[in-house]
Amino acid sequence: MRLTNRAKHLEKKPMTLVEKMYLPAIAQGLGITIKHFFRKKATIQYPEQKRELSPIFRGLHVLKRDEEGKERCTACGLCALACPAEAISMEAAERKKGEEHLYREEKYAAVYEINMLRCIFCGLCEEACPKAAIFLQPDVMAPPFYERSEVIYGKDRLVEKMEQRANTGIEKYVK
Ligand code: SF4
Ligand code: SF4
């Protein structure tokens, strides 16, 4: 029974003497190798070399501070809810007296973690955040890693450093 009319019956011709020697095929293969040897390399030596990024590139996350250096995140959980990869987890805590200079709202994220092995850099967490607290940086790639334990990013690596705060507001990230 024939399943399709597009099937072709191929006849296997006997090999010629030259073909049996394999030398022309080897020379042809070497020719292709030599041709590619002198072409521009498609690979780069990352992370020492970096490619130019697209203007819509979404890179490593940052948890922003406000103009006074307070953490913007209020641990509402909307980013975790929006995340299709379930990469975000957090633990909320209540701001205590005397911590007003650290956290913007009465509730803050005592623990905030992103699993970079799960993250697909879709940017949905950024879109879901009502406090303009989380952004995917357009010019910073997630660095390479060698241990699985290195890919869980906690607040120590996500919260914007104070000196960074001095240079960039959220204007850089708002499109
Ligand atoms: S960028 Fe996408 S996948 Fe990554 S943490 Fe945000 S919502 Fe989740
Ligand atoms: S980053 Fe934004 S959305 Fe996520 S918990 Fe903090 S305030 Fe809520």
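Determine whether Arg95 is within 25 Å of Gly169 (Cβ to Cβ) and among the basic types (Lys, Arg). Even if it seems obvious, please write down each step before you answer.
Numbers: within 25 Å of Gly169 (Cβ to Cβ): yes; among the basic types (Lys, Arg): yes.
Here the answer is yes, as Arg95 does meet what is asked.
With (1) surrounded by fewer than 10 Cβ atoms within 10 Å (Cβ to Cβ); (2) in a loop (DSSP other than H, G, I, E, B) as the list, and Thr33 as the residue in question, which single condition is left unmet?
(2)
Restricting attention to helices (runs of 4 or more DSSP H) lying wholly within the range 116-175, give those where 1 or more residues are touching a residue at least 60 places away in the same chain (Cβ under 8 Å) and closer than 14 Å to Gly59 by Cα.
Once the helices (runs of 4 or more DSSP H) in the range 116-175 are filtered for at least 1 residues that are touching a residue at least 60 places away in the same chain (Cβ under 8 Å) and closer than 14 Å to Gly59 by Cα, what remains is 124-128, 155-158.
Does at least one position in the range 40-58 carry a residue that is within 16 Å of ligand 1 (Cβ to nearest atom) and either closer than 15 Å to Lys131 by Cα or among the charged types (D, E, K, R) (or both)?
yes
Name every residue in the range 98-139 that is within 12 Å of ligand 1 (Cβ to nearest atom) and either over 22 Å from Tyr173 (Cα atoms) or hydroxyl-bearing (Ser, Thr, Tyr) (or both), in order of residue number.
Answer for the range 98-139, where residues must be within 12 Å of ligand 1 (Cβ to nearest atom) and either over 22 Å from Tyr173 (Cα atoms) or hydroxyl-bearing (Ser, Thr, Tyr) (or both): Tyr112, Leu117, Arg118.
Residue by residue through the range 120-150, note down the ones that are touching a strand residue (DSSP E or B) at 6+ places or on another chain (Cβ under 9 Å), surrounded by 15 or more Cβ atoms within 10 Å (Cβ to Cβ) and either of a type in the set (A, V, I, L, M) or modelled with pLDDT under 95 (or both).
Within the range 120-150, Ala128, Ala133, Ile134, Leu136, Gln137, Ala142 meet the criteria.
Within the range 66-82, is even one residue touching a residue at least 40 places away in the same chain (Cβ under 8 Å), assigned to a strand (DSSP E or B), of a type outside the set (Gly, Ala, Ser) and closer than 22 Å to Pro144 by Cβ?
No: zero hits.
Of all residues in the range 64-112 being more than 24 Å from the chain's Cα centre (by Cα), surrounded by 20 or more Cβ atoms within 10 Å (Cβ to Cβ) and near ligand 2 (Cβ under 9 Å from one of its atoms), which is nearest to Lys131 (Cα to Cα)?
Thr74
From Arg51, Arg39, which residue is modelled with pLDDT under 90, under 43 Å from the mean Cα position of the chain (by Cα) and within 30 Å of Pro143 (Cα to Cα)? So that I can check it myself, show each step before the final result.
On the way: Arg39 fails: modelled with pLDDT under 90.
From the options Arg51, Arg39, the qualifying one is Arg51.
The values are calculated or read from the model by the stated rules, or taken from the named source; none is laboratory data. Worth saying up front: this structure is predicted, and the values here are computed from it rather than measured. Note: ideal-geometry Cβ built from the backbone for every residue, glycine included; neighbour counts use all protein chains shown.
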